[in-house]
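See structure below.
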Amino acid sequence: MSATEPTAAAGLDGRPRPALEPMPLASEPVVRISSLSKRYGEVVAVDDISFSLEAGTVTGYLGPNGAGKTTTLRLLLGLAEPTAGEALVFGRRYRELEQPFRRVGAVLESNDFHPNRTGRDHLRMLALAAGLTRGRVDEVLELVELRGAGKRHVRGYSLGMRQRLGLAAALLGDPELLILDEPANGLDPAGVRWLRVFLQSFAAQGRTVLVSSHLLAEVAQTVDRVLIIDRGRLLASGDLAELTRNRQSLEDVYLELTGGGSL
Amino acid sequence: MIGQLRSELLKQRSTRTTLLLFLAMFGLVAFAVAMHVLTLGVEDLSTRSRQLEVFQVGSRAGMLFAGLAGAIAITAEVRYGTIRPTFLVSPTRGPVLAAKLVVAGLVGLVFGLLAELLMTGSAVVGFAARGIDNQLTAGDYLQLLAGGAAAAALWAAAGVGIGALVRDQVGAVVGLSAWMFLVESVSDGFVPGFARFLPGGVGNVLAGNSDELSVALAALLLVLYAATAAAAGWRATLRRDVA
């Protein structure tokens, strides 16, 4: 423990040298969510949830529609304020990160584009605001295989192309943590495999992925950890291998926990 | 901040919305000029103050479309969801609003200038064609251009504030349009002379279309209106959750 203390103290003085952006310490998870709640009037969307994510893992965030998955992600990304508890990325609230876009990449909706703007201009407007170069825009377009479509209006994109453009935007800042809400919707089988390979290699570089989904078969092939949420409450969390060790499939575990099996 | 400004400028340039707004303004001004200059009686257009009053509609069109451009700068982001990635890049949100206010102000300035140029240009041609003696002085033209542009820039800033407050694009557009061409004149029917204190009325004083208030008071009032709307929109944007 004592070895980590000088680094933690250097982080607190607020002015680390830019070249030495602190990597998450072994003792400090990439994401730490503690007793997080969000209430909208009578509705409790997120109810006292706690979990943390370690670097280098791919975690699946699973639950029925309306379970509170997206709300949790919005709270984590500073788009909404929690009613109670806290959600930290790299030990701080997202809003307090110095260059959040260079540390965290996120896609919350598959269609957050102006239909009459080109894919490339969408990325450029974000890159300008984030202080990133035009070259980086071309790199991420290349990475998601949209280079040829960059000059076309998003209006003409298929759902799969929009998913990839959203991913390109999230990757602009070359982040250490990637948060994706239902990224596989609308992808064809080749696209799904491409995404799986991409996420696994992303995590293999020591980076972290949190991906919400209800495509259980796909999730079972991609993630190493699982969080299951229903009606705002976290029902299970752990290694995929551990949860499914009694020869149960992920689907069995999921339906048993969320009560869907009795339907 | 430079990056934020360039980002907002690119947002304006990369869709056709601004151009379409300009064309709509162009159409409205051309229609209004034709109605006024061609149908009003010659004797009705013989004094300088009547001639300036006829230009009211040009100033109002400039202010309204500047306000719409400001409102759409934020409501389009809400409507199409780009507000989410925008706020992920700039989660403190203040710099986004500051850049929107500056860029909308610039767009508004251009809208105001073009509306006045179009209005005065076509009216002058219309006067000449009908043999109406043009009574306007160089000072009048200067005030129309400078005051009209300034009023439109302030309306654009107010539009950003209203848009941030309302968030709904149709609501903001209908609300601003109804205010400019309906609410102010109707209110004048109930309380005569009151409309000159309202945002459109003081804009007309600023542009020299009316002398019912001093220019200094009109400028002060319009700055206050714009600042109030911008502050309210700013406060709401920093406090509210993004869907």
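With respect to being polar (S, T, N, Q) and over 21 Å from B:Arg84 (Cβ atoms), A:Gln163 falls outside the description.
Before we move on, is A:Leu195 touching a Pro at 6+ places or on another chain (Cβ under 8 Å), assigned to a helix (DSSP H, G or I) and either among the β-branched types (Val, Ile, Thr) or at pLDDT below 95 (or both)? Spell out the reasoning first.
Values: touching a Pro at 6+ places or on another chain (Cβ under 8 Å): yes; assigned to a helix (DSSP H, G or I): yes; either among the β-branched types (Val, Ile, Thr) or at pLDDT below 95 (or both): yes.
When the stated conditions are applied, A:Leu195 passes them.
Of everything in segment B:103-141, what is at positive phi and in contact with a His (Cβ under 9 Å, 6 or more places away or on another chain)? Give them in sequence order.
Initially, segment B:103-141 is screened for residues at positive phi, giving B:131.
Once the filter is applied, which keeps residues that are at positive phi and in contact with a His (Cβ under 9 Å, 6 or more places away or on another chain), segment B:103-141 yields nothing.
Remark: A:Val154 falls outside the filter, which requires a residue to be closer than 30 Å to A:Val31 by Cα and among the β-branched types (Val, Ile, Thr).
For segment B:75-88, state whether one or more residues are modelled with pLDDT of 95 or more and farther than 30 Å from A:Leu171 by Cβ.
In the first step, residues of segment B:75-88 are kept if they are modelled with pLDDT of 95 or more; the result is B:75-88.
Applying the additional criterion that residues be farther than 30 Å from A:Leu171 by Cβ yields none.
No, the conditions are met nowhere in segment B:75-88.
Pairs please, first residue from segment B:76-92 and more than 7 Å from chain A (Cβ to nearest Cβ) and under 18 Å from B:Trp234 (Cβ atoms), second anywhere and hydroxyl-bearing (Ser, Thr, Tyr) and in a helix (DSSP H, G or I), Cβ atoms under 8 Å, 6+ apart in sequence or on different chains. Listed by first residue and then by second, the contacts come to B:Glu77/B:Thr86. Of note, B:Leu5 satisfies the criterion of being touching a residue at least 60 places away in the same chain (Cβ under 8 Å), within 28 Å of A:Val89 (Cα to Cα), part of a helix (DSSP H, G or I) and more than 8 Å from chain A (Cβ to nearest Cβ).
Would you call B:Val29 over 30 Å from A:Met125 (Cα atoms) and in contact (Cβ under 8 Å) with a residue 60 or more places away in the chain? Considered against the rule, which asks whether it is over 30 Å from A:Met125 (Cα atoms) and in contact (Cβ under 8 Å) with a residue 60 or more places away in the chain, B:Val29 comes out as yes.
Conditions (1) outside any helix (DSSP H, G or I); (2) buried (at least 21 other Cβ atoms within 10 Å of the Cβ); (3) among the basic types (Lys, Arg); (4) touching a strand residue (DSSP E or B) at 6+ places or on another chain (Cβ under 8 Å), marked per residue:
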residue: B:Thr92; (1), (2), (3), (4): yes, no, no, no
residue: B:Ala99; (1), (2), (3), (4): no, yes, no, no
residue: B:Val103; (1), (2), (3), (4): no, yes, no, no
residue: B:Gly112; (1), (2), (3), (4): no, yes, no, no
residue: B:Gly121; (1), (2), (3), (4): no, no, no, no
residue: B:Gly126; (1), (2), (3), (4): no, no, no, no
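Restrict the check to segment B:211-230 and report whether at least one residue is assigned to a loop (DSSP other than H, G, I, E, B), among the hydrophobic types (A, V, I, L, M, F, W, C) and surrounded by fewer than 20 Cβ atoms within 10 Å (Cβ to Cβ). Checking segment B:211-230: at least one residue is assigned to a loop (DSSP other than H, G, I, E, B), among the hydrophobic types (A, V, I, L, M, F, W, C) and surrounded by fewer than 20 Cβ atoms within 10 Å (Cβ to Cβ). For segment B:46-74, the set of residues classified as more than 28 Å from B:Val96 (Cβ to Cβ), at pLDDT 85 or above and touching a helix residue (DSSP H, G or I) at 6+ places or on another chain (Cβ under 8 Å) consists of B:Arg48, B:Arg50, B:Gln51, B:Leu52, B:Phe55, B:Gln56, B:Val57, B:Gly58, B:Ser59, B:Arg60, B:Ala61, listed by residue number.
The values are calculated or read from the model by the stated rules, or taken from the named source; none is laboratory data. Just so you know, these numbers come straight off a predicted model, no measurement behind them. Because the Cβ atoms are built from the backbone with ideal geometry, glycine has one as well, and the counts that use them run over all protein chains shown.
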